[in-house]
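No value in this document is a laboratory result; all are computed from the given coordinates. The shown structure was predicted, so the numbers you read here are calculated from the model rather than taken from an experiment. We place every Cβ from the backbone using ideal geometry, glycine too, and count neighbours over all the protein chains shown.
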Amino acid sequence: MSARSMLKVRPMGIGDLPGVQLIERSSFSTPWPAHAYRQELEGNRLAHYLVATLDRAIVGYGGIWVMVDEAHITTFAVHPGFRRRGIGERLLLALLDLSIARQAREATLEVRLSNLAARRLYEKYGFRPVGIRPRYYSDDGEDALIMTTPPLLEGEMQGRIVELREMLDAGPSPSSTADASDIGEAMVPDDAAEAEGVLAETSEARS
């Protein structure tokens, strides 16, 4: 892959699911199965999912449910080989933009109490702790921290979004420097396998 590849964020499609699953399995102890994402894309009108790509490789993804005036970030992850390059921040900004476009008043999410890196990222983007969901994660019973933004269209949050976007735009663009073998299955295929099922438990974010 070219080191000059540019990051793009676009809506997730069925053909992206093999690449999404590769990142899902490497990021979460209780990954969602591919059929859960298929059901989300095909049957959940509240759901909106994005993928981040370099060339044709999927390097991150995230999603929201918009319920009345609240955008709930359901999942968010970046490929382990592409972390610490600003991809998570650009993807999170895109999710906030999507939330605003869908007329959400605020955004909210759950994150493991122990996931300090993700919590710092969310705090940077305006999320603040508002509560605890006891024993939320089924794999080990860890509590989840609930985090919510200020109103997305008010001055505090709008100013933060503008400032952080300008900082990202002024910095270097993420480039595709990992060996192709590190992300082989993340390449967008021409077709995706058939599957159906139900949504699994909400995952924590990894970026």
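How many residues does region 53-98 hold that are surrounded by fewer than 19 Cβ atoms within 10 Å (Cβ to Cβ) and part of a helix (DSSP H, G or I)?
The number of residues fulfilling the criteria is 5.
For LEU121, state whether it is surrounded by fewer than 19 Cβ atoms within 10 Å (Cβ to Cβ), touching a helix residue (DSSP H, G or I) at 6+ places or on another chain (Cβ under 9 Å) and touching a residue at least 40 places away in the same chain (Cβ under 8 Å).
For LEU121, the condition - surrounded by fewer than 19 Cβ atoms within 10 Å (Cβ to Cβ), touching a helix residue (DSSP H, G or I) at 6+ places or on another chain (Cβ under 9 Å) and touching a residue at least 40 places away in the same chain (Cβ under 8 Å) - is met.
With the structure loaded, tell me whether GLN21 is assigned to a helix (DSSP H, G or I), within 16 Å of the chain's Cα centre (by Cα) and over 22 Å from LEU152 (Cα atoms) or whether it fails that test.
In short, yes.
Every residue in region 1-50 that is closer than 24 Å to GLN103 by Cβ, in contact (Cβ under 8 Å) with a residue 40 or more places away in the chain and among the hydrophobic types (A, V, I, L, M, F, W, C), please.
VAL9, MET12, LEU50
Those residues that are in contact with a Gly (Cβ under 8 Å, 6 or more places away or on another chain) and not hydrophobic (A, V, I, L, M, F, W, C), I need them from region 1-52; list them, please.
PRO33, HIS35, ARG38, GLN39, GLU40, HIS48, TYR49
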